[in-house]
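Down below is the structure, laid out as structure tokens.
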Amino acid sequence: MPKAYIAGTGSCLPETVLTNRDMEVMVDTTDEWIVTRTGIKERRICPRGMASSDLGQLACRKALEDASADPSEIEFIISATVSPDMFFPSTACLIQSKLGIRNIPVFDLSAACSGFIYALETARNFIECGSYRTGLVVANECMSRLTDYKDRGTCVLLGDGAGAAVVRSTEGEAGLMGSYISADGNYREILNAPAGGSYMPASFETVENRCHFMKMEGAALFKIAIMSMSEAVNKLLESHGLKKDDITLLIPHQANLRIIQGVARNLRIKEGKFYINIEKYGNMSAACVPVALDESNRKGILGKGDLLMTVSFGGGLTWGANLIKWTKDRK
Ligand code: ACO
């Protein structure tokens with residue numbers, strides 16, 4: 001049976017920076033509140049005229065370059081996003097077209113902040129079943145388009161960005177070793193964007209009542225996030241007969257620094273083992289994990305043979321983790 005590994009990574013962060021000081025003039029908040037309660041100092045904002053697929057396409061190009069792969073080698077594209085350019089065609093179709101690739105299967109995957117983890121697990125299965133040899137997994141999010149900049153409880157958290165990975169097959173050792181993914185739709189009310197779909201179609205009232213923006217019960221989510229991410233790490237370690245010490249680096253979703261610290265405490269894993277970049281980008285939903293993965297790759301933090309674990313949670317609720325053996329040489 002073929003195995004799958006990550007052959008290259010890429011990311012794209014829009015140039016426009018929205019700092020906490022900028023937010024102070026938009027809503028009743030302070031830099032001090034945001035930093036102490038979340039760890040976030042600034043976030044990136046996608047300019048008008050650009051959308052999720054543009055960020056995704058640029059991240060894919062960098063991942064292709066890192067993998068020394070040509071777009072013509074790509075046999076499938078999975079785009080994880082909750083901020084698609086439009087309902088349809090899928091963002092994956094738009095990325096495919098922008099990359100100049102034709103006649104391959106491409107689709108969007110909706111699992112909110114856990115999207116990249118779900119997509120990587122889907123790609124692993126595509127490759128292990130022997131049908132495909134090379135694919136692109138990309139998470140592209142323009143969360144600023146779903147953000148209510150009058151709601152101080154959510155607007156300070158979110159930012160835009162994209163991250164991608166080229167996934168290849170090998171007859172050798174597995175790079176993508178396995179995953180744990182789960183969901184519970186009973187928690188649908190605590191994190192959602194209620195309007196604009198078939199349940200509450202766009203209308204004058206939905207716009208006036210700001211129902212197209214993300215709504216969140218932050219305090220409830222905070223506790224569930226720590227529990228669900230800890231559960232995903234423990235279950236994945238257990239299913240592979242591994243100990244916490246075997247893991248070289250944990251790449252967590254970047255929703256709140258205090259959530260990451262809570263997971264570290266819960267798991268009794270040193271905070272230093274977690275890759276943290278929340279101060280620069282805030283919560284980019286599904287894009288957090290692949291952007292952090294790309295930074296770890298490019299900064300030379302990852303070396304051949306290292307064991308990584310990604311872990312995330314998000315709207316749905318969804319949560320999960322990937323176990324990855326890094327097969328590339330340190331940069
Ligand atoms: N600036 C100043 N004060 C604020 C702000 C702000 N930006 N936001 C909230 N407050 C106030 C509240 O109104 C509240 O005031 P009150 O006591 O007078 O009512 C006070 O600060 C405390 O509010 P809490 O909600 O208790 O603050 P908390 O310490 O819990 O932090 C936060 C709030 C940051 C939202 C936290 O609950 C959190 O991170 N939750 C999880 C968020 C998350 O994981 N989101 C992921 C989903 S996003 C996605 O999936 C795309």
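Between the range 193-258 and the range 139-163, what is the separation of their alpha carbon centroids in Å?
Centre-to-centre distance over Cα atoms comes out at 14 Å.
I want the local charge near Ala59. Using Cβ-Cβ distances under 14 Å, sum +1 for each Lys or Arg and -1 for each Asp or Glu among the other residues. Could you put the intermediate results ahead of the total?
On the way: positive: Arg44, Arg61, Lys62, Lys98, Arg298; negative: Asp54, Glu65, Asp66, Glu141, Asp160, Asp294, Glu295.
The answer is -2.
Counting only heavy atoms of the protein chains, get the accessible area per residue of the range 1-108 (1.4 Å probe) and round it to a whole Å² value.
Details: 5250 Å² over 108 residues.
Heavy-atom accessible area per residue stands at 49 Å².
Counting only the heavy atoms of the protein chains, how much of Lys299 is accessible to a 1.4 Å probe, in Å² to the nearest 10?
120 Å²
Arranged from highest to lowest average of other beta-carbon atoms within 10 Å per residue, in what order do the peptides 5-12, 305-312, 178-185, 139-146 appear? Walk me through the numbers before you get to the answer.
On the way: 5-12: 25.2, 305-312: 22.1, 178-185: 16.8, 139-146: 28.1.
The packing order, highest mean first, is 139-146, 5-12, 305-312, 178-185.
Run the helix sum for the chain: -39,500 (n - 2.57) per DSSP H stretch of 4+ residues, divided by residue count, reported at 222 nm to the nearest 500 deg cm²/dmol.
On the way: 11 runs with 107 residues, N = 331.
Roughly -9500 deg cm²/dmol at 222 nm, from the helical runs in the chain.
Show me the three semi-axes of the equivalent ellipsoid for the range 218-331, from the C-alpha gyration tensor (sqrt of 5 times each eigenvalue), largest first, rounded to whole Å. Could the numbers behind the result be given before it?
Values: eigenvalues 92, 58, 28 Å².
Taking √(5λ) for each Cα gyration eigenvalue gives 21, 17, 12 Å.
For the chain, count all C-alpha to C-alpha pairs, find those more than 26 Å apart, and express that count as a whole percent of the total.
Values: 23494 of 54615 pairs.
Summing the P(r) of the chain above 26 Å gives 43 percent of all pairs.
Quick one: order Asp70, Asp245 from most to least accessible surface, probe 1.4 Å. List each step's numbers first, then the result.
Values: Asp70 75, Asp245 130 Å².
Accessible-area ranking of Asp70, Asp245, largest first: Asp245, Asp70.
With Cβ to Cβ distances under 9 Å as the rule, what net charge do the other residues near Asp160 carry (K, R +1; D, E -1)? The partial results should precede the final answer.
On the way: positive: Arg43, Arg44, Arg145; negative: Glu141.
That sum, taken over residues with Cβ under 9 Å, equals +2.
On average, how much accessible surface per residue is there in the range 124-215, in Å², for a 1.4 Å probe, leaving out ligands, DNA and RNA?
Working: 4280 Å² over 92 residues.
Result: 46 Å² per residue.
Which entries of Lys3/Lys325; Lys41/Lys223; Lys223/Lys244; Lys244/Lys270; Lys273/Lys325; Lys3/Lys328 have Cα-Cα distances beyond 19 Å here?
Numbers: Lys3/Lys325 12 Å; Lys41/Lys223 23 Å; Lys223/Lys244 22 Å; Lys244/Lys270 10 Å; Lys273/Lys325 16 Å; Lys3/Lys328 15 Å.
Result: Lys41/Lys223; Lys223/Lys244 exceed 19 Å.
Could you list which residues have their amide H under 5 Å from that of Asp148, counting only those 5 or more apart in sequence or on another chain, with H placed in the peptide plane?
Amide H neighbours of Asp148, under 5 Å, 5+ apart: Met214.
Share of the range 3-172's accessible area from carbon and sulfur, percent, 1.4 Å? Present the calculation step by step, with values, prior to reporting the outcome.
Values: 3500 of 6960 Å².
Exposed carbon and sulfur together represent 50 percent of the surface.
Determine the sum of side-chain charges near Gly100: Lys and Arg each +1, Asp and Glu each -1, restricted to other residues whose C-beta is under 11 angstrom from that of Gly100.
Details: positive: Arg61, Lys98, Arg102; negative: Asp70.
Charge balance near Gly100 sits at +2.
The values are calculated or read from the model by the stated rules, or taken from the named source; none is laboratory data. These figures come from a predicted structure and were not determined experimentally. No Cβ is skipped: glycine too gets one built from the backbone with ideal geometry, and neighbour counts run over all protein chains shown. In case anyone asks, the SASA skips ligands and DNA or RNA and just uses the protein heavy atoms, side chains included. Shrake-Rupley method; radii C 1.70, N 1.55, O 1.52, S 1.80 Å.
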